[in-house]
Amino acid sequence: MAAIIDIHPAKHRTRVRRATAESAWSRWLVISIAVGFMGLMFVLPLVVIFQEAFRKGWDGYIEAFDDRATMHAIWLTLKVAAITVPLNTIFGLAAAWCVSRFRFRGKRLLTSLIELPLWVSPVIAGLIYVLLFGAQGFFGPSLKEHGIKIIFALPGIVLSTIFVTFTFVARVLTPQMEAQGQAEEEAAMTLGANGFQMFWRVTIPKIKWGLLYGIILCNARSMGEFGAVSVVSGHIRNKTNTVPLHIEVLYNENQFVPAFAVASVLTLLALATLILKTLTTTKRGAA
Amino acid sequence: MSIHIHNITKTFGSFNALKNVNLEVKTGELVALLGPSGSGKTTLLRIIAGLEFADEGEGKIEFHGSDVTNRTAYERKAGFVFQNYALFNHMTVAENIAFGLRVMKKPERPEREDIDKSVTELLRRIALEGYGGRYPSQLSGGQKQRVALARALAVGPQVLLLDEPFGALDAKVRKTLRKWLRQFHDETKVTTLFVTHDQDEAFELADRVVILHEGHIQQIGSPQQLRANPTNEFVADFLDCVMI
């Protein structure tokens with residue numbers, strides 16, 4: 001750091017000063033803006049969530065979970081994540097494999113399609129499925145004929161969650177697999193390994209930290225998704241309310257302690273994700 | 001085992017990497033593929049290993065008389081040493097060397113003790129005894145190169161293919177390894193084909209040298225023949241000798 005308060009005026013000329021060094025004043029300004037913003041936008045809400053959740057003490061907090069609708073919402077969210085995450089792990093792996101290993105027509109298109117969920121509003125994502133599978137939708141009549149219910153039911157929630165979260169594993173793995181190249185896989189093949197052995201013994205160990213990182217992000221988003229799920233779920237209590245939707249319902253009914261108590265569970269999930277994400281990033285860096 | 005290459009052509013998009021290449025490598029021979037970068041030598045080596053496939057047509061590759069043109073790399077099992085070694089970084093040296101034995105199908109796969117024994121024997125051979133428990137990241141370039149070679153040799157390949165085996169090493173290590181490879185070849189007599197852009201390396205090591213340029217074989221011959229009788233302008237220029 002270039003010292004601004006110079007107590008040796010005689011040495012002034014020889015003082016080392018980087019061309020990019022800012023003045024102390026501007027450094028302070030930038031740091032306080034950053035810290036202030038973080039505090040206001042992230043730390044304060046975090047504190048508020050837990051403060052509100054524990055307003056009636058530990059017993060009140062625990063009591064908030066002694067509720068059929070709440071437990072159902074948590075169970076449903078776990079179920080959705082349990083279906084979504086493995087599927088998106090497979091989709092993500094397949095997509096990253098295609099993009100990083102093969103040259104083909106439409107590769108650019110595929111790459112941008114993978115990022116689609118990031119720039120399409122989740123509400124639109126949900127709406128697509130309503131328009132396709134809803135009662136008035138494209139496949140609506142024929143689905144009804146066969147007695148299959150997608151919208152306002154678990155399949156719709158899972159579909160829209162898959163849509164919103166399929167980008168994560170693929171987006172983490174593609175650049176990593178591109179950078180690593182496939183020399184090790186080729187070596188495995190010349191040593192007599194078949195495709196299955198090559199994948200499990202060489203590829204998976206190479207990408208495991210990135211894969212884990214993608215899975216963690218995918219999981220966090222699939223448990224926390226509100227917009228897309230809100231459109232397709234229909235908010236049926238004890239049936240199609242996931243945790244985020246349930247929080248909204250509780251809040252709108254002025255049940256603040258339960259609302260914030262359930263919200264604190266999602267917050268803890270976010271914090272756990274953050275810690276795991278940091279750990280896997282370090283591991284990825286070291287690998 | 002001998003290698004026969006008949007009329008192989010390979011194009012990448014509009015680029016003609018190899019044009020009607022014919023080559024025969026006799027059993028037990030040590031042959032160098034020599035040429036400037038972009039001459040197609042690595043492509044040829046990869047096609048022989050089955051890591052790349054030649055254009056459909058009359059082209060044919062035979063290993064000891066049997067047609068392997070449509071066989072995959074893992075069916076051909078040619079020992080291949082990659083330019084940047086391609087060691088499995090998450091495995092120890094011993095695990096790297098044992099890989100080819102461990103992925104064998106049940107009836108052929110040796111017992112665990114026998115695998116350990118061959119690994120120890122190979123480590124001794126490449127003068128890296130006691131290094132079995134290390135990871136590739138803890139090795140020097142020359143050591144990695146020897147491990148890569150041992151890994152390829154563990155499965156007892158009939159053919160050994162080396163892509164710029166000493167390319168990434170410093171001059172001194174290169175010289176030592178060169179001698180070592182020649183000696184090794186004299187002992188084992190595994191049919192060996194290696195790619196290089198360094199003519200000293202080719203001439204010092206190989207029984208015969210194949211000169212490639214722009215996808216064409218320019219000339220094949222022993223180092224003496226090539227020096228004495230370059231067939232064309234390019235060869236003469238490349239070998240830096242005068243055409244008579």
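Over 28 Å between Cα atoms, which of A:LYS206/B:LYS77; A:LYS107/B:LYS105; A:LYS79/A:LYS149 qualify?
Checking Cα-Cα distances, A:LYS107/B:LYS105 exceed 28 Å.
Taking just the alpha carbons, could you work out the radius of gyration and Dmax for the range B:1-111, both in angstroms?
15.9, 49
Give me a single rounded figure for A:191-202: the average over its residues of other chain Cβ atoms within 10 Å of their Cβ.
Taking the mean over all residues of the peptide, I get 6.
Work out how far the C-alpha atoms of the range A:28-135 reach from end to end along every principal axis, then list the three figures in whole Å, largest first.
In descending order, the Cα extents are 60, 52, 28 Å.
Debye sum, Cα scatterers, the range A:228-287, no solvent: what log₁₀ I/I(0) at q = 0.20, 0.25, 0.26 1/Å?
After summing over all Cα pairs, the log10 values are -0.77, -0.97, -1.00.
For chain A, the longest stretch holding no GluC sites (Glu not before Pro) located in a DSSP loop with at most 16 other Cβ atoms within 10 Å is which?
No qualifying site falls inside A:116-252, the longest such stretch.
Provide the descending list of Cα extents for the range A:173-248 along its principal axes, expressed in whole angstroms.
Cα extents, longest axis first: 57, 22, 17 Å.
Please work out whether the range B:129-196 counts as rounded, prolate or oblate from its C-alpha gyration tensor, where a ≥ b ≥ c are the square roots of the eigenvalues and a/c under 1.5 means rounded, while otherwise a/b larger than b/c means prolate and anything else oblate?
Oblate is the answer for the range B:129-196, as a/c is 1.5 or above yet b/c matches or exceeds a/b.
At 0.890 mPa s and 25 °C, plugging the Kirkwood radius over alpha-carbon pairs of the range A:68-195 into Stokes-Einstein gives what diffusion coefficient in µm²/s?
Diffusion coefficient, whole number: 143 µm²/s.
Run the numbers on chain A and let me know its relative contact order in percent, using alpha-carbon pairs under 8 Å that are six or more apart.
RCO, chain A: 28 percent.
Can you give the Kirkwood hydrodynamic radius of chain A from its Cα pairs, in Å with one decimal?
22.7 Å
Does the range B:74-141 come out rounded, prolate or oblate by the C-alpha gyration tensor, with a ≥ b ≥ c the root eigenvalues, rounded set by a/c under 1.5 and, if not, prolate when a/b is larger than b/c and oblate if not?
Oblate, because a/c is 1.5 or more while a/b does not exceed b/c.
Relative contact order, percent, of the range B:32-90 when contacts are C-alpha pairs under 8 Å separated by at least 6 residues?
25 percent
If you average over every viewing direction, what projected area does the convex hull of the Cα atoms of the protein assembly as shown give, in nm²?
Result: 40.1 nm².
Which of rounded, prolate or oblate describes the range B:70-183 when judged by the alpha-carbon gyration tensor and an a/c cut-off of 1.5?
Cα axes put the range B:70-183 in the oblate bin.
Do the sum for the protein assembly as shown: with -39,500 (n - 2.57) for every DSSP H run of n ≥ 4, divided by all residues, what is the mean residue ellipticity at 222 nm, to the nearest 500 deg cm²/dmol?
It lands at -17000 deg cm²/dmol.
With contacts defined as alpha carbon pairs under 8 Å and 6 or more residues apart, what's the relative contact order of the range B:190-244 in percent?
22 percent.
Less than 15 Å apart at the alpha-carbon level, and either on another chain or at least 8 residues along: which aspartates and glutamates does that give for B:LYS26?
Answer for B:LYS26, where 15 Å is the Cα cut-off: B:GLU62, B:ASP186, B:ASP207, listed by chain and number.
For all pairs of alpha-carbon atoms in chain B, what percent lies in each bin of width 5 Å, listed from the first bin to the last filled one?
In order of increasing distance, the bins hold 1, 6, 13, 17, 18, 16, 13, 8, 4, 2, 1, 0, 0 percent.
Throughout, read-outs are computed from the coordinates displayed, never taken from laboratory work. Model, not experiment: these values are computed from the prediction. Reconstructed Cβ throughout: ideal geometry from the backbone, glycine too, with neighbour counts over all protein chains shown.
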